[in-house]
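Only one structure is covered here, and it is reproduced in the block below.
The values are calculated or read from the model by the stated rules, or taken from the named source; none is laboratory data. Just so you know, these numbers come straight off a predicted model, no measurement behind them. No Cβ is skipped: glycine too gets one built from the backbone with ideal geometry, and neighbour counts run over all protein chains shown. Areas reflect the complete protein model, heavy atoms only, side chains present, ligands, DNA and RNA absent. Shrake-Rupley method; radii C 1.70, N 1.55, O 1.52, S 1.80 Å.
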Amino acid sequence: MSTAEPTPNLGQEATDNAEPKDKEETVDMTFTKEVRQATKDVHKLTDVLVNAKFAIALSDDEVWYDGLLVFYELYKFFETNLPERLLPKELHRTAAFERDFDYFYGSDWRKSYEPRPAVQTYIAHLEQMAAKNEVLLFAFAFQMYMALMSGGQLLQKKRMIARKLWIFPKDSVEQVQQKQAETDAAAATARAAATAENDGIQDENDLRARPMPEQVTISQVGCEATYFPIRIPLLKNKLRRIFNDVYGKLDDEMRAEYIEQSRNVFRMNIELLRTVKGVNRANLKKLAIAVVFITSIYVAFKLAVK
């Protein structure tokens, strides 16, 4: 496997691009909650599939990069077809995905790459939405970038820990940045819990009570797709403001269509996830290792008590 060219000091870039915390203004979540409630059932189906099929396998490189590959074309399409007023450039991921593929598949991966049929079907649907109304394409983009800044952070961190890529020298810049990210996430979660308590919120699915995921603050070679050099709360708030402006101007008929396409994001993502290669092999491998480990402990115990 060939490796990508050395990347710049991304840790320093994160520091340079970070904005003051006092700019993390509260964003009205009324519309966000409306769409979230309307998509909750299909969202849960996606979560169940990810947890069932990928919880163990995601630390396997083949599974991880094939998973990135199935979603690569979507982000590329959004970034090619949505104007910056709807999709700010600091959210763009195409180049980061491609650097990850250069690392794992080699720099000539494009020569043999062809989007699989499920991806082609998805892209054809996005083309229809773009032709009909860019707002409907934005419905897909909003969900996909929010996912990358939420669940994507958690999955990448778990994978990096499993692959032993989450080890920082003591008092290093990376360690300080990650500790700060964890402190920020804990503080955001505490604020959410306090708001929920003060407002009498008991529903764990209410957005005001949701914990903030810890941000991946380092970018090892081959792990760039989920890395954002700007603090995620700032990026999320910026995207939510765009969403509020877009959704707030829609009439009832268009809002219903927006919600239907937001539901389609999860339906169509499920079809893509089912095409990811290597999941069963990776799960069986991890299971076999676990069985051998447990058997070894049992044999050692039996020998010790004789």
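What to note about this one:
- Derived scalar couplings ³J(HN,Hα) [segment 258-269; Karplus, 6.51 cos²θ - 1.76 cosθ + 1.60; whole Hz; x for Gly, Pro]: 4, 5, 4, 6, 5, 5, 5, 3, 6, 4, 6, 5
- Length gained on full extension, N237 to M254: 3.8 nm, using 0.36 nm per residue less the C-alpha separation.
- Counted residue by residue at 0.36 nm each, then reduced by the alpha carbon distance between them, the extension gain from N133 to R116 reaches 3.5 nm.
- Among the protein heavy atoms, those of F77 account for about 30 Å² of accessible surface (1.4 Å probe, every chain in place).
- With a threshold of 32 Å on the Cα-Cα distance, the over-threshold entries among K40/K111; K132/K236; K238/K277; K89/K157; K44/K277; K132/K238 are K40/K111; K238/K277.
- Note on D41/E90: beta-carbon distance plugged into 1/(1 + (r/R0)^6) with R0 of 41 Å gives a FRET efficiency of 0.80.
- Using the Cβ-Cβ distance between I123 and T26 with R0 set to 45 Å, the FRET efficiency from 1/(1 + (r/R0)^6) comes to roughly 0.80.
- Taking label positions 7 Å along the Cα-Cβ direction at both D108 and E62, the computed distance is 2.2 nm, reported to one decimal.
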